[in-house]
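These notes are about the structure you will find just below.
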Amino acid sequence: MARIPENEIERLKNEVSVERLVESSGVTLKKSGKNFLGKCPFHDDAEPSLVVTSSKNLWHCFACQIGGGPIDWVIKMHGVSFRHAVELLKSDLPLTASRAVKDGTVRKLPPPVVFDADDASLRLQVVGYYHETLKTAPEALAYLKSRGLDHPELIDTFKLGFANRTLGLRLPHKNRVAGSQIRARLQKTGLLRDTGHEYFNGSLVVPVFDESGNVTEIYGRKITGKLRDGTPKHLYLPKECRAASRGVWNLAALAASREIILTEALIDAMTFWCAGYRNVTSSYGTSGFTDDHIAAFKKYGTQRVLIAYDRDAGGDGAVPDLVEKLTAAGIECFRIQFPKGMDANEYAVKVLPAAKSLGVAIRKAVWLGKSLPPARTGGKAPEREIEIREAHAPQAKQDAPLEAMPATMSVDTGSLADVPARIDSVSPLGLT
Ligand SMILES: [Zn+2]
């Protein structure tokens, strides 16, 4: 993140009146000699413990033993970071310019949500806000790049977002009626925690949309390497806040192709997508293949699923159950076998170019049925598949991908040790 210029900080320290800020937070100040005294809002103050020294533009509470300048006040008052306090103050300069505004409150950045919107709209608006945030968040963009997900169309196509704690900054303060109401509603929809913090804080946000464009599920992936013990890296909306149906990510794929690659995680699915294999969707984790998936496969006439779960104990363990469900729905199952221990993303990031290495993996997918494998007729070049799948708009070209499947299926393909590798191109970040 870019540094805040020193002169900018100095300017705010000098130009924003602490006296006005404190008053705008609802504290009544009384003149006492050279200072002003008021009741401190940060503790249960029976007597005026808060001192504002206007000549120095500083405040101090004798009971709390805290104080500072205008930025410190905003940090404490609004529970925000230094950066966000600066952002707030910068956007609020009229407050300091006009001392005449008696009952002014620290004016917020414009709220990204419409307060009387219904729950579905509210979710959509927050997803939209996260989407805009991602586009200007270097740390989130760097994360996508580190995972090989820096395809120019990915962010907009799937409305990817980033939750970076700024949502709360844009809402009225929680001790105001409008502020507490909107926060309660955002809690109900699962976007804020009971503590008031953003549920997906610090996460890349991947929304799942239904056919009408409603958000049915949200996946969050923490992008920071340093997490407190016990902090989950992967998040979905809390159960009680979800829509009745979690839906299926990338329905356009189901509409466009009767052969679908199914990953266990959305990051893996996006990996295939970025490499040109756009007939892909994802379960919500190894135990997250839902009735919604089956229903959608049936509805769109999915004939074949290439299971691309991780090649590890979790992925391997989940496959038999998955195959049973898919087979019962009349769907042919193949397994894309990554090298042992790897998932799709790791494989694609390590074995470049991803379009080629994933293409090999797809061609070598192993038939999982009990009888002989069905014939997979048609072309052989992965280029052809890529070409077809890049025309990813649902064009009802339903047969094309099936025909395009290479006929090189064999029952025993073993590992992918022989993939054309450029293993020397291992990601220097080593992120997982
Ligand atoms: Zn105090």
Rg(Cα) of the stretch 6-97 divided by 2.2 N^0.38 Å?
1.02
Amide H to amide H under 5 Å from I307: which residues, 5+ apart in sequence or cross-chain, H placed 1.01 Å off N in plane?
L262, F334, R335, I336
Please report the equivalent ellipsoid semi-axes of the stretch 148-233, computed as sqrt(5 x eigenvalue) of the Cα gyration tensor, largest first, in whole Å.
25, 18, 12
For K239, K350, what ranking results if the residue with the fewest other Cβ atoms within 10 Å of its Cβ goes first?
K239, K350
The pairs in K34/K174; K340/K364; K30/K76; K298/K364 lying past 23 Å Cα-Cα in this model are K34/K174; K298/K364
Residue-wise, which Karplus ³J(HN,Hα) couplings in Hz belong to the stretch 274-280, taking 6.51 cos²θ - 1.76 cosθ + 1.60, θ = phi - 60°, and x for glycine or proline?
5, 7, x, 9, 9, 8, 9
Give the cross-link partners of K135 among the lysines, using a straight C-alpha distance below 24 Å as the criterion and excluding same-chain residues fewer than 8 apart.
K90, K108, K145, K159, K222, K226, K233
Return the lysines within reach of K239: Cα separation strictly under 16 angstrom, same-chain partners fewer than 8 residues apart disregarded; answer none if there are no such residues.
K188
Using the Cα centre as the reference, give the magnitude of the dipole from point charges on the C-beta atoms of the stretch 172-296 (Lys, Arg: +1; Asp, Glu: -1; all else neutral), rounded to the nearest 20 debye.
700
For W249, what residues show an amide H to amide H distance below 5 Å, using hydrogens built from the backbone and excluding near sequence neighbours?
S282
Long-range amide H contacts for I66: which residues qualify at under 5 Å (H placed 1.01 Å from N, peptide plane, sequence gap of 5 or more or a different chain)?
C61
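Each value in this text was obtained by applying a stated rule to the coordinates, not by laboratory testing. Note that the structure is predicted; figures quoted are calculated from it, not measured. Don't worry about glycine lacking a Cβ; one is built from the backbone with ideal geometry, like all the others, and counts go over all protein chains shown.
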